[in-house]
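Q: Structure below; questions to follow.
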Amino acid sequence: MGLLEKKVALVTGGSSGIGRAAAQIMAREGARVVVADIAQAGGEEIAALIRGNGREAVFIRADMAEAGEVEALIRRTVALYGRLDCALNNAGIPGDVAATADCTLENWERVMRVNLFGVWYCMKYEIPQMLKSGGGAIVNTSSISGLHGVRHQAAYSASKHGVIGLTKTAALEYGKAGIRVNALCPGWTISGMTQKREVHDVDPAFLSNYAVGRAGTPEEVAESAVWLCSDRASFVNGHALIVDGGRMAL
Ligand SMILES: NC(=O)c1ccc[n+]([C@@H]2O[C@H](COP(=O)([O-])OP(=O)(O)OC[C@H]3O[C@@H](n4cnc5c(N)ncnc54)[C@H](O)[C@@H]3O)[C@@H](O)[C@H]2O)c1
């Protein structure tokens, strides 16, 4: 019996990295999976891969920065599979690397719209569906950057702090209705985001702060997200789970 047997799960940012790994693990654990992303090719590929393994998955293109697209995504998910049990609201962007006063208005707005507004849009439309079916589990991808300051990434760090505030607030509001809401706080993880650009090159000592001496894999991080989505985590609510190889133990 899989961790998510008979559940319908949505993963945003599912075309790459942590979301892609989570979609595969969710399917392996028995869920029917909706992969949502702006990146069409990667999303179609992962959905096809899951179907090729005999599981159910579909890709739906949606921009998390657009409330209307998120609403339509949730509507289509429920039209397709009849319900929504688990959501990993995970799409995110790092934004530009610049000191706080040098962060452009465009960068600030884009990072906030995807990372913070996007997570709120997701919860805004997911929660009513979960209430209709008697409950659910939401995991919002924050970051350890949501727990400490990050030189030269003010918008990113602020957006990820915001995700934790949103998460705790919704957890307080919907716990009695059977919806658990948790945040995931990964440390440095090898993914599209960290490979495309050296977001950490401002701090050459970066890896030396990781107790395990290495970055995480998307699968290692995704496993924790899937567990949080599952009934095995039934008493975990309003929590910001650090998955960082010991970085925050410092
Ligand atoms: N990689 C890390 O070191 C790390 C650490 C902490 C937190 N995170 C967070 O994990 C999450 C996943 O990132 P990742 O590391 O897997 O990176 P990634 O770049 O591999 O994946 C992010 C995905 O989000 C999608 N996306 C971006 N903007 C979108 C939008 N507007 N609408 C829909 N989809 C969009 C991208 O197309 C991509 O497929 C992000 O929220 C990121 O901030 C990553």
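The values are calculated or read from the model by the stated rules, or taken from the named source; none is laboratory data. As the structure is a computational prediction, the values presented were derived from the model and not from experiment. So basically every Cβ, Gly included, is an ideal-geometry build from the backbone, and we count neighbours across all protein chains shown. Side chains are part of the model used for accessible areas, which takes the heavy atoms of the whole protein and leaves out ligands, DNA and RNA. Shrake-Rupley method; radii C 1.70, N 1.55, O 1.52, S 1.80 Å.
Q: How many percent of all Cα-Cα pairs in the range 8-249 sit more than 27 Å apart?
A: 29 percent
Q: Taking amide H atoms as placed 1.01 Å from N in the peptide plane, list the residues 5 or more away in sequence, or in a different chain, whose amide H sits under 5 Å from that of LEU241.
A: Here ALA183, LEU184, CYS185 satisfy the definition.
Q: While we're here: Per residue of the chain, what 222 nm ellipticity follows from adding -39500 (n - 2.57) for every DSSP H run with n ≥ 4, rounded to the nearest 500?
A: -12500 deg cm²/dmol
Q: Taking the Cα-to-Cβ direction at SER234 and at ARG214 and moving 7 Å from each Cα, how far apart do the two end points lie in nm?
A: Roughly 3.6 nm, to one decimal.
Q: Additional query: If I take R0 = 45 Å and measure r between the Cβ atoms of THR169 and ALA101 in this structure, what FRET efficiency does the formula 1/(1 + (r/R0)^6) give, to the nearest 0.05?
A: 0.90
Q: With a 10 Å radius around each residue's Cβ, average the other Cβ atoms per peptide and rank 52-60, 84-92, highest first.
A: 84-92, 52-60
Q: Okay, next question. Enumerate the helices in the chain for which the Kyte-Doolittle hydropathy averages -0.5 or more and the C-alpha atoms extend at least 27 Å along the helix's axis, using complete DSSP H runs.
A: Passing helices, by number: 154-174.
Q: May I pose another question? Using a ≥ b ≥ c from the Cα gyration tensor of the range 55-172 (square roots of the eigenvalues), is it rounded, prolate or oblate, where a/c under 1.5 gives rounded and otherwise the larger of a/b and b/c decides, a/b for prolate?
A: prolate
Q: Could you order peptides 218-230, 161-173 by the average number of other Cβ atoms within 10 Å of their residues, highest first?
A: Ranked by mean Cβ neighbours within 10 Å, highest first: 218-230, 161-173.
Q: Volume per residue, Å³, of the convex hull around the alpha-carbon atoms of the range 143-250?
A: Value for the range 143-250: 104 Å³ per residue.
Q: For LEU88, enumerate residues with amide H under 5 Å from its amide H, sequence gap 5+ or separate chain, H modeled in the peptide plane.
A: Amide H neighbours of LEU88: LEU10, VAL11, THR12, VAL139.
Q: Follow-up question, since we're still on this one. What lysines sit close enough to LYS176 to cross-link, taking a C-alpha to C-alpha distance under 27 Å and skipping anything fewer than 8 places away on the same chain?
A: LYS6, LYS7, LYS124, LYS132, LYS160, LYS168
Q: Once label points are set 7 Å from the Cα along Cα→Cβ at both LEU131 and GLU109, what is their separation, rounded to one decimal in nm?
A: In this crude label model, LEU131 to GLU109 measures out at 3.2 nm.
Q: Still on this structure: Find the accessible area per residue for the range 8-249; the probe is 1.4 Å, ligands and nucleic acids are left out, and the unit is Å².
A: 44 Å²
Q: OK, next. Using Cβ-Cβ distances only, list the Cys residues of the chain with no partner cysteine under 4.7 Å, sorted by number.
A: CYS103, CYS122, CYS185, each lacking another Cys Cβ under 4.7 Å.
Q: What whole number of Å gives the distance from the Cα centroid of the range 219-250 to the Cα centroid of the range 59-116?
A: If we compute the Cα centre of each part, the gap is 21 Å.
Q: Can I ask one more? Rank by packing, highest mean first: peptides 237-250, 111-124, with packing defined as the count of other Cβ atoms within 10 Å averaged across residues.
A: Most protected by this proxy first, the peptides run 111-124, 237-250.
Q: Pop out the carbon and sulfur fraction of the accessible area of the chain as a percent, whole number, probe 1.4 Å.
A: Here it works out to 54 percent.
Q: State the answer as a single residue: which of GLY245, ALA57, GLY14 lies farthest towards the positive end of the charge dipole of the chain, with beta carbon charges of +1 for Lys and Arg and -1 for Asp and Glu, about the Cα centre.
A: Of the candidates, ALA57 comes out farthest on the positive side.
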